[in-house]
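Working notes, structure below.
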Amino acid sequence: MRFRLLLLLLPVLLGACSKKDQPVQLDFIGNTTLTSGNRVVNPNDTLRTRAFAVGNDNLLQRLRVTVSYSFGLFPYLYPVPISGFDPKNAPGAREVVYMDSLISPILSTPTYTSPYRGGEFLFENRFAARSTSGTELWQYTATDAASESAARAFRLTVRKPDSAAVFHNYTSLIRPFPGSPVAVSAFPEADRPLRNRARVFPNLRSGLLLPKYSLLNKKASLQSNQPLVDVVCVSNAANTIIRLDSPAADSLKNKLSSASWPVANRRRTRLLRTSLTATTFAAASTATAFAAAFANGQPFTTDSLSTGPLVNGSVVAFRTGEGYFGLLLVANLLPGTSPLLNCSVRVQK
């Protein structure tokens, strides 16, 4: 997968300076709206980072972004009483390769010629902070055709006040790309960067939201991320319907290539309709309550792997492929040219 992004010439805003004689330079652009250094953030904060790379000697070729989550990626069930917690027994760090892609650097435009032989490249990453307490270390690495590279990193710290609860809860803003988040041929080249950046692949247990470029590339180096995906948020071509599909759902069989997304990597997350309201959703706070809601739920579809069209205020009971039960409340559903699903999730730890 290759990205062609519009180059923004903002040298005065570069987060730090690099030595001019380095084969590759990589910096974060910094201002009040961008994340370019270590920060303490709130759970699920939506953040933006701009990474600017130049190739001094050889053509820029690759951009790799990794994020390491500590303690682990998933919510931790603390012992009772919590005084018995031993940090040595907590999960270890979990690294996710967020992006690993060939890039097409800007060498010239009708009004600008790059002073660097290897060209220039700007990548803007829009992402959500973790929904659990812990840290996440983001590292960006740019590599040129001679395998020379430069890397920059920052650390985010999240402190969730109810981390000791027996269930995990979070809110999530999901923006499905109109038509399909996975089909390639349906969109013109100019629209594909937007489709690639849409965060439409949630992991329900952790609250992690992934874009397409975290799951698919030409070298298949990201297929290890695919089993993290519990559901896919889908909008129809007219933007009048938003639904959630399990990756193994029949509705996605013609949109997911078995070569790029093997069947073995497709989770079978079951999704059931419930009669719960926002009030009864808020009252559910145990694994037993989540399992009972699922047991009393009804399938939306024959295979129970899709919700069909969602509506405001509805509550979906789910069981992930790992066997975790939870509830999802559709808090706000906005169809239209920029479809949006705002949901609240409660899931057992």
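Miscellaneous remarks
- Nearest-20 debye value, the range 165-349 charge dipole, Cβ charges on Lys, Arg, Asp, Glu: 360 debye
- Point-charge dipole on Cβ atoms (K/R +1, D/E -1) for the chain, about Cα centre, debye to 20: 260 debye
- Using a Förster distance of 35 Å, the FRET efficiency for Leu334-Thr301 (Cβ separation, nearest 0.05): 0.90
- The range 1-162, dipole about Cα centre (Lys/Arg Cβ +1, Asp/Glu Cβ -1), debye to the nearest 20: 200 debye
- All other residues whose Cβ lies under 15 angstrom from that of Thr302 are scored, Lys and Arg at +1 and Asp and Glu at -1, for a net of +2.
- Local charge for Leu34 was computed over the other residues whose Cβ lies under 15 Å away, with Lys and Arg +1 and Asp and Glu -1, and equals +2.
- Around Ala289: net Lys/Arg minus Asp/Glu count, Cβ-Cβ under 15 Å: +3
- Likely footprinting exposure, Phe71, Phe177, fewest C-beta neighbours within 10 Å first: Phe71, Phe177
- Along the axis of the charge dipole computed for the chain (Cβ charges of +1 for Lys and Arg, -1 for Asp and Glu, origin at the Cα centre), the listed residues Phe294, Asn254, Val229 are led at the positive end by Phe294.
- Potential lengthening of the chain between Ala264 and Ser68 amounts to 68.1 nm, from the contour at 0.36 nm per residue minus the alpha-carbon distance.
- Anisotropy class assigned to the range 165-349 is prolate, per the alpha carbon gyration tensor with a/c at or over the 1.5 cut-off and a/b larger than b/c.
- Rounded, prolate or oblate (a/c below 1.5 giving rounded, otherwise prolate when a/b exceeds b/c) for the range 26-137 by Cα gyration tensor: prolate
- Rough spin-label spacing in nm, given labels placed 7 Å along Cα→Cβ, for Asn239 and Arg159: 4.1 nm
- Modelled spin-label separation between Arg117 and Asn254, with each label point placed 7 Å from Cα along the Cα-to-Cβ direction: 5.1 nm.
- FRET efficiency estimate (nearest 0.05) - Cβ-Cβ, Gln223 to Thr33, R0 30 angstrom: 0.35
- Relative contact order for the range 1-162: 33 percent, from Cα pairs under 8 Å spaced at least 6 residues apart, divided by residue count.
We did not get these values from a lab; they are worked out from the coordinates using the rules stated. Just so it is clear, the structure is predicted and the values come from calculations on it, not from any experiment. Cβ sites come from the backbone with ideal geometry, for glycine too, and all protein chains shown count toward neighbours.
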